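Engineer: Sharing a structure with you now.
The values are calculated or read from the model by the stated rules, or taken from the named source; none is laboratory data. Because the structure is a prediction, the values reported are computed rather than measured. Cβ: placed from backbone, ideal geometry, glycine included. Neighbour counts: every protein chain shown. What goes into the accessible areas is simple: the full protein's heavy atoms, side chains included, and nothing from ligands, DNA or RNA. Shrake-Rupley method; radii C 1.70, N 1.55, O 1.52, S 1.80 Å.
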Amino acid sequence: MLRALQLEPEKCTGCLQCEMACSFENEGVFNPSKSRIKVFAFHNEGRFAPYTCTQCDEAWCMHACPVEAIVLNAATGAKEVLGDVCVGCKVCTIACPFGTVNYDSVSAVVHKCDLCGGDPWCAKACPTGAITFVDADNSGLERMRAWAQRSAAGSASFNAPASKTVQNYQKA
Amino acid sequence: MAWANKVLRINLTRGEITDEPLNMAWVSAYLGQRGLAPKYLFEEIDPACDPLSPENKLIMTTGPLTGTMASTGGRYSVVTKGPLTGTIACSNSGGYFGAELKSAGWDMIILEGKSPKPVYLYVENEKAELRDAADIWGKSAWETDHLLHTKHQDPLLRIACVGRAAEAGCYYSAIVNDLHRAAGRSGVGTVLASKNVKAVAVRGTKGVGNIKDPMRFLQATEEGKRVLRENAVTGGGLPQYGTQVLMNVINEIGAMPTYNMRETQFDGAHKISGEAMHEPRPTDHQPNLTTNAACFACTIACGRISKIDQNHFSVKNKPEYWHASGGLEYEAAWALGSDTGVDDLEALTYANFLCNEDAFDPISFGSTVAAAMELYEQGLITAEHTGGIEFKFGSAEALTRAAELVAKGEGFGKDIGLGSKRLCEKYGRPELSMTVKGQEFPAYDPRGIQGMGLAYATSNRGACHLRGYTVTSEVLGIPERPTPW
């Protein structure tokens, strides 16, 4: 079963555990600036949102690479950067519509999410379930279950799910 | 542990910037932050120096865990001789600033002397520069944050700064970082402003490492996260209600300081509680609370992010206060609320926004307003002193107006900015000041929680809830409830 990262911004608290887990797994230090997953804070709205590579099937970064330094890991579905092949031309960073491939001037290659070889540390580190690693073909399963539970409970008013703070910690 | 082994020393008088190795012998003896930085301070300043003179120094310090994944470890402290108490001040803050400093490769910043003109310190990894602050001096902390982000074209810059209150000499000015986290108590912001330093802006991309056995460290932090997750307070009550989870609890047991600490229960507590922050308002059907938020690495996420009701008198026609920002924590809610007798949640949130916007301590501010209200009741402070404001217990107008005046250092705000001790002395009734060493009591009346009386009396920075917090054992029964006899 292929699995994918699922991001649920409404559950994010901005703690950056994911960024530290990612940078530690990839770089051996706690360094949010080197994280492949980023949490964005929208202060005035009071919202946080984690964001990272969705591992496109037709991966534009992979197609754009002139030296074939971005390859498909068939086991995980991740598009992985081969650091020793990458020449740092940055064309992939332009090709990616979502900005999730980034150049690192220290290592002189690009980096992006590689799903940690099939066991992403960000999902393991997230304390609120804002980042989960789910069946790629059924990424809506949990959301469907939540709605199904409401309908099964005979809730007449089909309201939007409860606010984040309540929802999270019932789950935890 | 995760030290960068480097101290950044800034001589403001001469404009000299040097770096030096962290004293690892002192690290072994004093661990970090509140242990380590006071050692530096004791060794380097004359204990008799005037806190607001160039002879005083101000230290911004991280701890051994700052910048790592250790939950709740991402904090930093400001250590200096404080103007409110005339003794050691040590105020710590969450947010992201401390971790950014460590990530830039610095364990500590020592600011000494006094700059001949307003400056801010800009740190980008190894690079550290004093820059002219003429265009941000006189601005609020929020405006300063915005202007520096714009000037440096760097949204990831982390900024700690003072507001106008500190520039005006308010004795309990804070240093606010990330817009609404604060090294709040004892007037550490007043010291920073006295050195003509408006802000410290940091960008760090080096990361935090130097851990002897990283895998064991990760196991330990994972175990710590599990404990926090499974505990009813840190895993449930705090994320849902914030520290405000305590408002109804402390009120019920009769330890809620009310009306300048004359009483120990507040009738309006339920209206300003953590629970009340979740209730939709009748006017706009939105709750006061927008979301909860975490500081760096913290898996509890007790922070409150609130929006004020746009229909409320305090922000009507003031769209600059309609956005979300740091909401009421328990200490702020108590001091701004029950101590002054104000049970208007929106007014308290607005006053709290102002405390963040211009960086002053809501505990000392609220308590000083409460003392002023008692002095007003007794006729020692009159409308003539207040500029016409009726300073009555329960008046949301008086509270919010006082916050506006302290923020800008104007009018009667100058008196409120003195702190409760100096205010009560000035108006001839020093016994009405609820302080230890000149610092206002926090949110626990010792008549209801006796251990806190001992904590206040013995705390080296004056009355304080963060030194010997017996609330955990006496009220929450963690690890067990002591018998009171």
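Engineer: Pop out the Kirkwood hydrodynamic radius of the protein assembly as shown from its pairwise C-alpha distances, inverse of mean 1/r, in Å to one decimal.
Structural biologist: Averaging 1/r across every pair of different Cα atoms and inverting gives 25.8 Å.
Engineer: A further question follows. Could you tell me what percent of the DSSP beta bridges with both partners in the protein assembly as shown are antiparallel, to the nearest 5?
Structural biologist: Approximately 85 percent, going by the DSSP bridge assignments.
Engineer: Over segment B:185-307, average the accessible area per residue using a 1.4 Å probe and give it in Å², no decimals.
Structural biologist: 38 Å²
Engineer: For chain A, set up a Gaussian network in which alpha carbons nearer than 10 Å are linked by springs, and say which option among A:LYS124, A:LYS79, A:LYS34 fluctuates the most.
Structural biologist: Sorting by GNM fluctuation, first place goes to A:LYS124.
Engineer: Further, regarding this structure: Any idea what log10 I(q)/I(0) is at q = 0.12, 0.18, 0.19, 0.20 Å⁻¹ for segment A:1-151, Debye with uniform C-alpha scatterers and no solvent?
Structural biologist: The Debye formula, applied to the Cα set alone, gives -0.52, -1.11, -1.21, -1.31.
Engineer: For segment B:67-101 and segment B:192-270, what is the centre-to-centre distance using only Cα atoms, to the nearest Å?
Structural biologist: Centre-to-centre (Cα) distance: 13 Å.
Engineer: Counting only C-alpha contacts under 8 Å and six or more residues apart, can you give the relative contact order of segment B:271-394 as a whole percent?
Structural biologist: The value is 19 percent.
Engineer: B:TYR259: accessible area at probe 1.4 Å, nearest 10 Å²?
Structural biologist: The accessible area of B:TYR259 comes to roughly 60 Å².
Engineer: Now for a separate question. Counting partner chain Cβ atoms within 10 Å of every residue's Cβ in B:319-325, what's the average?
Structural biologist: 2
Engineer: Between segment A:12-51 and segment B:19-65, what is the separation of their alpha carbon centroids in Å?
Structural biologist: 31 Å
Engineer: At 1.4 Å probe size, put A:VAL29, B:VAL119 in order of accessible surface, largest to smallest.
Structural biologist: The residues order as A:VAL29, B:VAL119, largest area first.
Engineer: Set Lys and Arg Cβ to +1 and Asp and Glu Cβ to -1, take the dipole of chain B about its Cα centre, and tell me which of B:GLY394, B:GLY303, B:GLY15 lies farthest positive.
Structural biologist: B:GLY15
Engineer: Nearest 5 is fine: what % of DSSP beta bridges in chain B come out antiparallel, could you say?
Structural biologist: In chain B, DSSP labels about 80 percent of beta bridges as antiparallel.
Engineer: Using a 1.4 angstrom probe on the protein heavy atoms only, line up A:SER107, B:SER314 by accessible area, largest first.
Structural biologist: A:SER107, B:SER314
Engineer: On average, how many beta carbons from a partner chain sit within 10 Å of the beta carbon of a residue in B:294-303?
Structural biologist: 6
Engineer: Then there is this: Once you sort the root eigenvalues of the Cα gyration tensor of segment B:100-193 as a ≥ b ≥ c, which label holds: rounded (a/c under 1.5), prolate (a/b larger than b/c) or oblate (the other case)?
Structural biologist: rounded
Engineer: May I ask you to derive the relative contact order of segment B:1-91, considering only C-alpha pairs under 8 Å and at least 6 residues apart, and to give it as an integer percent?
Structural biologist: 23 percent
Engineer: Sticking with this one: What number of lysine-lysine pairs in segment B:96-199 show an alpha-carbon separation below 20 angstrom, given a sequence spacing of 8 or more or placement on distinct chains?
Structural biologist: Summing the qualifying lysine pairs gives 14.
Engineer: Still on this structure, I have one more. Accessible area lost on pairing A with B, both sides, 1.4 Å probe, Å² to nearest 100?
Structural biologist: Protein heavy atoms only, the A-B interface buries about 2600 Å².
Engineer: Viscosity 1.567 mPa s, temperature 4 °C: give me the Stokes-Einstein translational D for chain B in µm²/s, with Rh taken as the Kirkwood radius over C-alpha pairs.
Structural biologist: 58 µm²/s
Engineer: Under a 10 Å cutoff between Cα atoms, tell me which one of A:MET20, A:MET144, A:MET62 has the largest fluctuation in the Gaussian network model of chain A.
Structural biologist: The residue that fluctuates most here is A:MET144.
Engineer: Determine the shielding of peptide A:33-45 by partner chains: average, over its residues, the number of Cβ atoms on other chains within 10 angstrom of each Cβ.
Structural biologist: For this peptide, the per-residue mean of nearby foreign Cβ atoms is 3.
Engineer: Only loop residues by DSSP count here, and only those with at most 14 other Cβ atoms within 10 Å; note down the GluC sites (Glu not before Pro) in segment B:90-176 that meet that.
Structural biologist: Qualifying residues, ordered by number: B:GLU126.
Engineer: Mind telling me which of A:GLN55, A:GLN17, A:GLN149 comes out most flexible in a GNM of chain A, alpha-carbon contacts under 10 Å?
Structural biologist: Top of the fluctuation ranking is A:GLN149.
Engineer: I'd like the antiparallel share, as a percent to the nearest 5, of DSSP beta bridges with both residues in segment B:114-257.
Structural biologist: Taking every DSSP beta bridge within segment B:114-257, about 70 percent pair in antiparallel fashion.
Engineer: Using helices alone, what [θ] at 222 nm do you get for chain B, with -39,500 (n - 2.57) per DSSP H run of 4 or more residues, divided over all residues and rounded to the nearest 500?
Structural biologist: That calculation yields -8500 deg cm²/dmol at 222 nm.
Engineer: Run the reach check for B:LYS426 against lysines, Cα to Cα strictly under 26 Å, same-chain hits fewer than 8 apart removed. What comes back?
Structural biologist: B:LYS81, B:LYS392, B:LYS408, B:LYS414, B:LYS437
Engineer: Straight distance only, please: which lysines reach the Cα of B:LYS318 with their own Cα at less than 16 Å, same-chain residues fewer than 8 apart left out?
Structural biologist: B:LYS307
Engineer: Turning to a different aspect of this structure: For segment A:72-135 and segment B:336-362, compute the distance between their C-alpha centroids and round to whole Å.
Structural biologist: So the two Cα centres are separated by 45 Å.
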